[in-house]
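**Student:** My questions all concern the structure below.
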Amino acid sequence: MTAESTPALVHGAEADGPGTPGPSAGRGPRARDTKAYLRYAAGKILGAVISLFAVLVTSFFLFRLIPSDPVKHMTGGRPISSEQLENLRREFGLDQPMWQQFLDYMKDALSGDFGMSYQFHMPVMEKITAAIPATLLLTGTAYILFTALGLWLGTRSAWRHGKKGDKFNSALALTLYSVPSFWLGLLLIIVFSVGIGPIPGMFPTGGLESGDETGFAYVIDVAHHMILPVITLVAVGYAQTLLVMRSSLLDEMGSDYLTTARAKGLRDDVVRRRHAVPNALLPTFTLMFVNLGHVVAGQILVETVFSWPGLGGLFYESLAGPDLPLVQALFFFWAAAVILANTLADVLYPLLDPRVGR
């Protein structure tokens, strides 16, 4: 050990005080930042748990406001005696007081049991599990496409602010963002499925498959059925991503660090790719996770318009009764997906921007 290093060690020991651990024992700015981040993350997770519980309670009462008798709907309009109706109500627990139904619902739901579907006569979770793959296939494909397209066009529009390309992209995005998805879907069906004028019907009007294909032909058939609903979801979804990305990048373009990067002789595309875009992505990051939650939830209107056998179409079908166990479970499932995606974004955000969560 050199003489020059001894005073520094002695000074460090005196600063820590006798009997206190040195800097290697978890003290200093890094340790404080870690503790602050853990407190921040714990608060976000606790908030998510409270939100999930509130959604669970809301899902019970919300759909009981629908002015319809699920037991009568189960009979399909056939004549039935009042005694048979009472037996059905007793079988599904609908003869119990509201508070008792609520307690039974909460007890079962907290254990992962959402009951039996009135309409399909099978466990609710089995029905939901069977519909999840179709929803993930449709909305997952659309999510990847509209996120990539929105980020790319949003970056180009902001970097070429005020030019013809920017004006066209911004105007188109604002128009598509304002269009109801179900209306756009119906329009696509009329033009490209039914056919109008010189345009022949080229795509199926709905469904996941034709039902008579196997092997690679089946894959092509499913892709053929996906084209119109995917275009509908991408047209609406990319517009929002483009507008947010464009706005974020415009805010960054006047920053001093970009001027400094250009002054050092960096090419314009390098300045954009390495410096401006990573910082502009931060607000878009949250939007991407919110949209990721909707991938699991599906799109009720789009799936209904295209008769897609996913969670959205299942929810629309179950509302007719209403099939209370099924609509309650779907409502909770969708809300949970969005809440968890938001929470994940909140927890990861400080890792991208250390200013958050301090």
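**Student:** Got the relative contact order for the stretch 166-324 handy, in percent, Cα pairs under 8 Å and 6 or more residues apart? Display every interim value, and only then the final one.
**Tutor:** Values: 142 pairs, mean separation 40.0, N = 159.
Relative contact order for the stretch 166-324 comes out at 25 percent.
**Student:** Might you tell me the accessible area per residue for the stretch 127-247, computed with a 1.4 Å probe and given in Å²? Walk me through the numbers before you get to the answer.
**Tutor:** Values: 6230 Å² over 121 residues.
That works out to 51 Å² for each residue.
**Student:** Give me Rg over Rh for the stretch 153-230, both radii from the alpha carbons and Rh done the Kirkwood way, two decimal places.
**Tutor:** Rg/Rh for the stretch 153-230 comes to 1.15.
**Student:** Tell me, in nm to one decimal, what length is gained between Ile196 and Ile50 on full extension, where the rule is 0.36 nm per residue of separation less the Cα-Cα distance? Write down the numbers at each step before the final one.
**Tutor:** Working: separation 146, 0.36 × 146 = 52.56 nm, distance 5.15 nm.
Once the chain is fully extended between Ile196 and Ile50, it gains 47.4 nm.
**Student:** Carbon and sulfur together cover what percent of the accessible area of the stretch 129-239 at a 1.4 Å probe radius? Before the final figure, lay out the partial values.
**Tutor:** On the way: 4310 of 5920 Å².
In the stretch 129-239, the share of accessible area belonging to carbon and sulfur is 73 percent.
**Student:** A follow-up question, please. Can you tell me what percent of all Cα-Cα pairs in the stretch 244-358 are more than 22 Å apart?
**Tutor:** Values: 3502 of 6555 pairs.
More than 22 Å apart: 53 percent of the Cα pairs in the stretch 244-358.
**Student:** Sorted by accessible area with a 1.4 angstrom probe, largest first, how do Glu126, Glu86 fall?
**Tutor:** Ranked from most to least accessible, the order is Glu126, Glu86.
**Student:** Given N residues in the stretch 80-215, what is its alpha carbon radius of gyration divided by 2.2 N^0.38 Å?
**Tutor:** 1.71
**Student:** Which length gain, in nm to one decimal place, applies between Phe120 and Arg267 when the Cα-Cα distance is subtracted from 0.36 nm times their residue separation?
**Tutor:** This chain segment gains 46.7 nm when fully extended.
**Student:** At a Förster distance of 56 Å, what's the computed FRET efficiency of Leu352 paired with Asp104, Cβ-Cβ distance as r, to 0.05?
**Tutor:** 0.80
**Student:** How large is the Rg to Rh ratio of the stretch 163-315 when both quantities use alpha carbon positions and Rh follows Kirkwood?
**Tutor:** The Rg/Rh ratio comes out at 1.11.
**Student:** Among the lysines, select those whose C-alpha is under 21 Å from the C-alpha of Lys107, and discard any that sit fewer than 8 residues away in the same chain.
**Tutor:** Lys127
**Student:** Next up: Between Leu172 and Thr205, what is 0.36 nm times their sequence separation minus the Cα-Cα distance? Round to one decimal in nm.
**Tutor:** So the extension gain works out to 9.3 nm.
**Student:** While we're on this one: Using 7 Å Cα-to-Cβ label points, what is the Leu319/Thr286 separation (nm, one decimal)?
**Tutor:** Calculated label separation equals 2.9 nm.
**Student:** Cross-link candidates for Lys264: which lysines have Cα within less than 27 Å, leaving aside residues fewer than 8 places away along the same chain?
**Tutor:** Partners found: Lys163.
The values are calculated or read from the model by the stated rules, or taken from the named source; none is laboratory data. What you see is a predicted model; the values in this text were computed from it and never measured. No Cβ is skipped: glycine too gets one built from the backbone with ideal geometry, and neighbour counts run over all protein chains shown. All accessible areas refer to the heavy atoms of the entire protein, side chains included, with ligands and DNA or RNA removed. Shrake-Rupley method; radii C 1.70, N 1.55, O 1.52, S 1.80 Å.
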